[in-house]
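**Q** If you scroll down you'll find the structure; I have some questions about it.
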Amino acid sequence: MNTNSQVKTARQAGLGQCLKCHKLNVITHKDQRCSCCQAKVSLRKYRSLEYTLAWTIAAIIAFFPANLYPIMIFTSLGTPEASTILSGIKTFIQLGMYPVALVVFIASFIVPLGKMLGLIILIITVKTGSKVDPKHRTQLYHLVEFLGPWSMLDVFVVALMAAVVNLGFITSIEAGPGISYFALMVIFTMFAAESFDPRLLWDNLDNDD
C-alpha cells in the first residue's frame, strides 16, 4: 500500500479546529463557522508567525532592563540597598545559600532565556521548512507554553516580601523598577507562545508526498 497517499494531517483532510471550543470542523468555504459554537474556524491562526515574532522581540527588549534595573529595594535603618536579579544571586552565594541561588538563577535567568530561544527556534524552523521531526518541535512548544507562568515566581516572591517585611523605618522591602520589566517580559513570552500555532510545525508533511 502506498503510504504517500494516506492522509497525514487534519489540513490534508480539510479539517479545521475551532479556536474557541476546539471542535474539529470540515472546512467547506472561507468564512467557515463552527458547527458547535458558531465561532469562526480557520485552518491556521491568522498571521501566527508575525504575532509570535513581534511578542518575542518585545520580550527580548524587556529582558535587558529587567536584569539591569533593581527588582527589589531593601531598606534597613533608613539605608536603602538596591538589588538586581544577578546581584541577588551573588548575595545568596556569598551567604552560602546555594540551593536558593540556583533556584533563582534558573527561574529568573535560564528559564526566560530558554523560552525566548525556544520560540525563535520554532519560528525559524517553520519559516525555513525544517525537516526536523515535528513531534520533537511540538514537544518544545509545549515545554515553552508550560514554563510560561512559572517565570512569574520572582514577581510573586518580591510582592510577598514587600507585603510581609514592612517594619517602617527599621526594615522594609519595596519592588524596584526592574520587576515591572521582568513581569512584562514574562507576559510577552506567554503571549508569544499563545500566538504561535503548533499546527504549522506539521505543514511540511503536506509537501513530502
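**Q** For the structure I just gave you, tell me whether Ser195 is open to solvent by less than 70 Å² (accessible area, probe 1.4 Å), under 12 Å from the mean Cα position of the chain (by Cα) and at pLDDT below 85.
**A** no
**Q** In the stretch 84-123, which residues are of a type in the set (A, V, I, L, M, F, W, C) and out of contact with any helix residue (DSSP H, G or I) (no Cβ under 8 Å at 6 or more places or on another chain)? Spell out how you get there, then give the answer.
**A** So the first thing to find is which residues in the stretch 84-123 are of a type in the set (A, V, I, L, M, F, W, C), and the list is 85-86, 89, 92-93, 95, 97, 100-107, 109-111, 113, 116-117, 119-123.
Passing the criteria: Leu95, Met97, Leu102, Val103, Ile106, Ile110, Leu117.
**Q** Something else about it: Between Lys40, Lys115, which is touching a Ser or Thr at 6+ places or on another chain (Cβ under 9 Å) and within 23 Å of Phe196 (Cβ to Cβ)? Quick ask: steps written out before the conclusion?
**A** Details: Lys40 fails: touching a Ser or Thr at 6+ places or on another chain (Cβ under 9 Å).
Going through Lys40, Lys115 in turn, just one is touching a Ser or Thr at 6+ places or on another chain (Cβ under 9 Å) and within 23 Å of Phe196 (Cβ to Cβ): Lys115.
**Q** Quick one: Val158 ticks every box in (1) open to solvent by 30 Å² or more (accessible area, probe 1.4 Å); (2) at pLDDT below 80; (3) of a type in the set (A, V, I, L, M) except a single one, so which number is it?
**A** The one condition Val158 does not meet is (1).
**Q** Restricting to helices (runs of 4 or more DSSP H) lying wholly in the stretch 83-145: which have 2 or more residues that are open to solvent by 20 Å² or more (accessible area, probe 1.4 Å) and touching a residue at least 60 places away in the same chain (Cβ under 8 Å)?
**A** Once the helices (runs of 4 or more DSSP H) in the stretch 83-145 are filtered for at least 2 residues that are open to solvent by 20 Å² or more (accessible area, probe 1.4 Å) and touching a residue at least 60 places away in the same chain (Cβ under 8 Å), what remains is 111-127.
**Q** Right, something else. Just to be sure before I move on: is Ser151 open to solvent by less than 60 Å² (accessible area, probe 1.4 Å), closer than 27 Å to Ser108 by Cβ and modelled with pLDDT under 80 in the structure I sent?
**A** Details: open to solvent by less than 60 Å² (accessible area, probe 1.4 Å): yes; closer than 27 Å to Ser108 by Cβ: yes; modelled with pLDDT under 80: yes.
So Ser151 passes the test.
The values are calculated or read from the model by the stated rules, or taken from the named source; none is laboratory data. Quick caveat, the model's predicted, so the values are computed rather than measured. Please note: Cβ atoms are built from the backbone with ideal geometry, for glycine as well, and neighbour counts cover all protein chains shown. Side chains included, ligands, DNA and RNA excluded: accessible areas come from the protein's heavy atoms. Shrake-Rupley method; radii C 1.70, N 1.55, O 1.52, S 1.80 Å.
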